[in-house]
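Right, one structure below, let's go through it.
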Amino acid sequence: MRDKLYRFLWDRAPRAGERYQARRLAGMPKWRAVPPLLAAAAWGEEKGGLPLPPGGESRSLERTPPEALAEELSRFDGVSWDVFDTLLLRCVDRPEDAFFLVGAKLGYPDFQRLRVEAERLARKRKEQARGTGEVTLREIWEQLERTTALDPDQGMAAELEVERALCRGNPYFLPVVERLRSLGKPLVLTTDMYLPGEFVQELVEQAGFGRFEGCLVSGEEGVSKGEGCLFHRLRQRFPPGALLAHVGDNPHSDGERARANGVTPFLYQNAQQAGDPFRAKDMSRVLGSVYRGLANGRLHSGADPCSPLYEYGFVYGGLFALGYCRFIREQADLQQADRLLFLSRDGEVLLELYRRLYPEDPRPVYAYWSRLAAAKVTAGLFPGDYFRRFLWHKAEGAVPVWRAVASMELTPLLPELCARLGLSPDKPLTHKTARAIQDYLTEAWDRVLALYGPQRQAAGACYRQLLEGCRRAVAVDIGWAGSGALSLGWAAKRLWGLECEITGLVAGTNSAHSPERDAAEPLLLTGRLKSYLFSQGENRDLWKVHHPGKGHNLFWELLLGGEEGSLKGIYPGPEGGWRLELGENPQKEAVREIHRGMLDFAREFTGLEERLGVHIPISGRDAYAPMLDLLEEKNTPYRRRLEALLDEPGIG
């Protein structure tokens, strides 16, 4: 009956079930480990979670400042340190997820489950044989050999290699340890762990903490912190009556059991547990664990807090930007593109990241193009889109006629237009007046196109230089209808006579909630347009959820908005050249901070891959997952803090 109950709970909440198992292996009593499993099974583990703190996650932490902690610890004769999740942070959100990466190195299927089960059986056998469940890595692998036929020496080497790649020093404790060392305080490592003590010392040294005076590892000592006896061994290393402190993250093993054995505990809230309520769960297993591990370690270690804008870039933009850049490279190679055109503003940070990832690739360039510039240059090719953008999108009575005409750069036609239509220049632009203005401009279409002639010629001169010698090019944009790449491709062939085929890459297409939801379908059908995050045929659940009317487009655009202002147009320059006219961007510092977070995440992620020697794919579905949580109703207060930036011309 008990086994059936546990199996039911595991089926309802497998992640929580694995966390329960890890807690039990760490020595937590069953009465403390079961309630979180029951809660996850009752409420569902892919839903829920806490609302995001409007001021940012890292600023919501309540940790003792490192210098104050060092001062408190300096009162003791010696300080003991837990290692994993205290001095060292892993780049996965759960320790057992490291076994997926070991399995990847070994090329062995279902390895993570087999490795966890082998540890459980090894502990059970040891308990029956010797009265202790503490095991060494070799004992685990000797058990694992029975079910996998893998060579233990090769397997242990792979596991140690993965642990070395995943572990990094907790920046919160670096100054604490340095201060205590300067005071001559004896420092000892005390950890419930199956890894060899010397290897644990190496990990701590590698992380910048230096070598400790002792290392007590439960697997080698045969006793644990969870049962309390490892603290007795710790006391034996110091003179009788010495005042000892222990720093660790587990309330039972590092807290209650330390105090019961005469050691003063200093509990450190586990960074992964602190960040877990805010992290996206609906992600593929390995990538999701790495993403959460990096995000939680950066935001919840307790080191210097990040700005909310940096957090926004790190948590919601970094994974997306990295995955999108890899998608761009893959598509560019498949299409044998001669040039990669990162369209202005949305392509700014993508181009910077792409060049960091692929410094040997000579194809990427920054290409000035915008919806406003394109509407004027290609008015003769897409008159319907031209009128929709300049008239119908503004026909709500808030814009006077003269301003609408000025935005079209047709002010020379305004006197005649007003006279012919009997309109005052100050009359509001409504659907009725928009229809009348469109009819007038259609009749005067040759004059309209003549006014845009200099811009067509200047843009042509610009792109003849950018696309010189190119037969195929790929234009990169944020989305959503693919109009940037489409208009540029038509202009290149129809207006400028360039023999260059231009296809488009977008982050996402128009969604089910877009007014023109099917606009991009002909281009997707023929391969003229490719989408990374979603389309009608890819990640259709996202296509149904993404809602421009609720501002979803804008929060993606906020991630990619450039430091420069928007391109107003490409105009004739001196000696037959061209000049650019850009709007102002009052939010340059905000943009820079968001991009800094995105680039830092990409650097940490790729650094981990390099250490592991494993490439971790980033699907569009996984890249969107963190934003899904952000867009939930519970996070409306958090989004409101960002909305102040959305209406600015430099970002929205």
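We did not get these values from a lab; they are worked out from the coordinates using the rules stated. Nothing here was measured: the structure is a model prediction, and the numbers come from that model. Glycine gets a Cβ as well: all are built from the backbone with ideal geometry, and neighbour counts include every protein chain shown.
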Say the dipole of segment 102-196 comes from +1 at the beta carbon of Lys and Arg and -1 at that of Asp and Glu; which of Pro171, Leu160, Val116 then lies farthest toward its positive end? Pro171
Quick one: dipole size for segment 63-274, taken about the Cα centre, charges +1 on Lys/Arg Cβ and -1 on Asp/Glu Cβ, in debye to the nearest 20. 420
Residue-averaged [θ]222 nm for the chain, counting only DSSP H segments that reach four residues, each worth -39500 (n - 2.57): -15000 deg cm²/dmol
Rounded to whole angstrom, the alpha-carbon centroid of segment 465-513 lies from that of segment 219-295 at a distance of 55
How large is the Rg to Rh ratio of segment 63-274 when both quantities use alpha carbon positions and Rh follows Kirkwood? 0.98
Pair Ala644, Asp426: separation of 7 Å Cα→Cβ label points (nm): 3.5
Would you mind checking the pairs Lys394/Lys427; Lys376/Lys493; Lys427/Lys568; Lys376/Lys568; Lys530/Lys568; Lys544/Lys568 and listing those with alpha carbons more than 21 angstrom apart? Lys427/Lys568; Lys530/Lys568; Lys544/Lys568
Listed residues Tyr291, Pro265, Gly323: farthest to the positive end of the dipole of segment 237-348 (Cβ charges): Pro265
At what distance in angstrom do the alpha carbon centres of segment 351-376 and segment 574-644 lie from each other? 16
Straight-line reach from Lys105: which lysines fall under 27 Å, measuring Cα to Cα and dropping same-chain residues less than 8 apart? Lys281
All-pairs alpha carbon distance profile, segment 337-582, 5 Å steps from 0, percent: 1, 6, 12, 16, 17, 17, 14, 9, 5, 2, 1, 0, 0
Rank Pro383, Ala450, Ala512 by how far each Cα sits towards the positive end of the charge dipole of the chain (+1 on Lys, Arg Cβ; -1 on Asp, Glu Cβ) and give me just the farthest. Ala512
R0 of 41 Å, Cβ-Cβ distance Arg494-Arg611: FRET efficiency to nearest 0.05: 0.25
Volume per residue, Å³, of the convex hull around the alpha-carbon atoms of segment 480-639? 191
Which value, in debye to the nearest 20, gives the size of the charge dipole of the chain about its Cα centre, when Lys and Arg are +1 and Asp and Glu are -1 at the Cβ? 1120
To one decimal place, what orientation-averaged projected area in nm² is obtained for the convex hull of the Cα set of the chain? 34.1
Percent relative contact order of the chain, based on C-alpha pairs within less than 8 angstrom and at least six residues apart? 14
Output the peptides 630-643, 157-170 sorted from most to least packed, where packing is the average of other Cβ atoms within 10 Å over each peptide's residues. 157-170, 630-643
